[in-house]
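Q: What follows is a single structure, and I will ask about it in a moment.
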Amino acid sequence: MIRALAIAAHPDDIEFVMAGTLCLLREAGWEIHYLNLSGGNLGGVDRSAAATARVRRREAQAAAKVLDAVWHPPFCHDLEILYDTPTLRRLCAIVREVAPRVILTHSPEDYMEDHVNAARLAVSAAFARGMPNYRSTPARPAIAADVTIYHASPHGLRDGMRRRVRPGAFADTTAVHERKRAALACHASQRRWLEASQGMDSYIRTMDAISREVGKLSRRFKHAEGWRRHSHWGFCAERADPLRQALGRNYLVSAAYERSLEAGT
């Protein structure tokens, strides 16, 4: 079974920028795995941190079920997703257990450090997957399988310095957009929190708007998710692009982005 592993920071992050691509991979026959590093304990305004984490855990499990994904329990807290050895060892164990062909994770540049650190941890855990002398927690044997890492678009399609981040490729999520909405709707506790903390009038409408904006950037799709491939060194063959192979017509490489890579700009 070919597997994809989504590694995100908080409950609902996957639904905002990765869930459509996961749905497409599931329809292509892949096994999809769903991991939020944090339990989301600070994402509430009317419950204690512990109670909030319990609610958000149930919501994430429900969302994974909507996506037909294998759910993995979180092991960090909000604002405590740190690039440190204990966290990296735990994530490496999951990567070795799943042995994914593809890892989907956050943009290396984003508006908050939890997202950035989740991306860094995902890359390092994938790099360490084949190192026999690197000890994971719990101990898992090293694996030799190739993995290709894809970084999602940052929130708002901009980095922490407000600069525009353009995708290198687009997944057409139009046909699975309603399932993506249904998965995000499972995170009902986030409506009040996002309105209070970030001014989002409706988190589902916000996701819709981001999805349409990425679709507009593709110049082809109504709804889309944007992706950039990580460097192949230590992970896979130079030209490996398993999303392109799996998604076919639902995947579009940005010619302008490819030209910019060739030009080094």
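Q: Of Leu25, Leu88, which residue is in a helix (DSSP H, G or I) and either among the small types (Gly, Ala, Ser) or under 18 Å from His177 (Cα atoms) (or both)?
A: Leu25
Q: Oh, and also: Please pick out the residue among Ala122, Ala126, Ala182 that is aliphatic (A, V, I, L, M), buried (at least 16 other Cβ atoms within 10 Å of the Cβ) and over 19 Å from Arg3 (Cβ atoms).
A: On inspection, the qualifying residue turns out to be Ala182.
Q: For segment 251-258, indicate whether the set of residues that are among the charged types (D, E, K, R) and loosely packed, with under 14 Cβ neighbours inside 10 Å is non-empty.
A: Checked against the condition, which is being among the charged types (D, E, K, R) and loosely packed, with under 14 Cβ neighbours inside 10 Å, segment 251-258 yields at least one hit.
Residues checked against (1) within 19 Å of Asp12 (Cα to Cα); (2) over 15 Å from the mean Cα position of the chain (by Cα):
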residue	(1), (2)
Arg58	yes, yes
Val66	yes, yes
Asp78	yes, yes
Arg101	no, no
His106	yes, no
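Q: Being of a type in the set (A, V, I, L, M, F, W, C), touching a helix residue (DSSP H, G or I) at 6+ places or on another chain (Cβ under 8 Å) and either more than 30 Å from Ala93 (Cα to Cα) or buried (at least 17 other Cβ atoms within 10 Å of the Cβ) (or both) is the filter here, so list the residues in segment 144-174 that pass it.
A: Listed by number, the residues that qualify are Val147, Ile149, Ala152, Leu157, Val165, Ala169, Phe170, Ala171.
Q: Keeping to segment 31-71, report how many residues are of a type in the set (A, V, I, L, M, F, W, C), surrounded by fewer than 24 Cβ atoms within 10 Å (Cβ to Cβ) and in a strand (DSSP E or B).
A: 2
Q: Additional query: Filter segment 66-88 down to the residues that are among the charged types (D, E, K, R) and touching a residue at least 24 places away in the same chain (Cβ under 8 Å) and list them by number.
A: Asp68, Asp78, Glu80
Q: Shifting gears a bit: Would segment 129-143 turn up any residue that is farther than 26 Å from Thr52 by Cα and crowded, with 21+ Cβ neighbours inside 10 Å?
A: Yes, there is a match, as at least one residue in segment 129-143 is farther than 26 Å from Thr52 by Cα and crowded, with 21+ Cβ neighbours inside 10 Å.
Q: Scan segment 236-248 and report the pairs whose first residue is exposed (fewer than 11 other Cβ atoms within 10 Å of the Cβ) and whose second residue is of a type outside the set (Phe, Trp, Tyr), with Cβ atoms within less than 7 Å and a gap of 6+ or a chain change.
A: Ala237/Asp146; Glu238/His232
Q: Restricting attention to segment 91-107, which residues are in contact with a helix residue (DSSP H, G or I) (Cβ under 6 Å, 6 or more places away or on another chain) and assigned to a loop (DSSP other than H, G, I, E, B)?
A: Correct list: Arg101, His106.
Q: Still on this structure, I have one more. For a quick check of your reading of the model, give me the residue pairs whose first member lies in segment 183-207 and is closer than 26 Å to Ala224 by Cβ and modelled with pLDDT under 65, whose second is crowded, with 18+ Cβ neighbours inside 10 Å and among the β-branched types (Val, Ile, Thr), with beta-carbon atoms closer than 7 Å and at least 6 apart or on different chains.
A: Met200/Thr206
Q: Among the residues of segment 1-19, how many are part of a loop (DSSP other than H, G, I, E, B), among the aliphatic types (A, V, I, L, M) and out of contact with any Ser or Thr (no Cβ under 7 Å at 6 or more places or on another chain)?
A: Summing the residues that are part of a loop (DSSP other than H, G, I, E, B), among the aliphatic types (A, V, I, L, M) and out of contact with any Ser or Thr (no Cβ under 7 Å at 6 or more places or on another chain) in segment 1-19 gives 3.
Q: Then there's this: Looking at segment 110-137, which of its residues are farther than 14 Å from Thr85 by Cα and outside any helix (DSSP H, G or I)?
A: Result: Asp110, Tyr111, Met112, Met131, Pro132, Asn133.
The values are calculated or read from the model by the stated rules, or taken from the named source; none is laboratory data. Nothing here was measured: the structure is a model prediction, and the numbers come from that model. Virtual Cβ from ideal backbone geometry, glycine too; neighbours counted across all protein chains shown.
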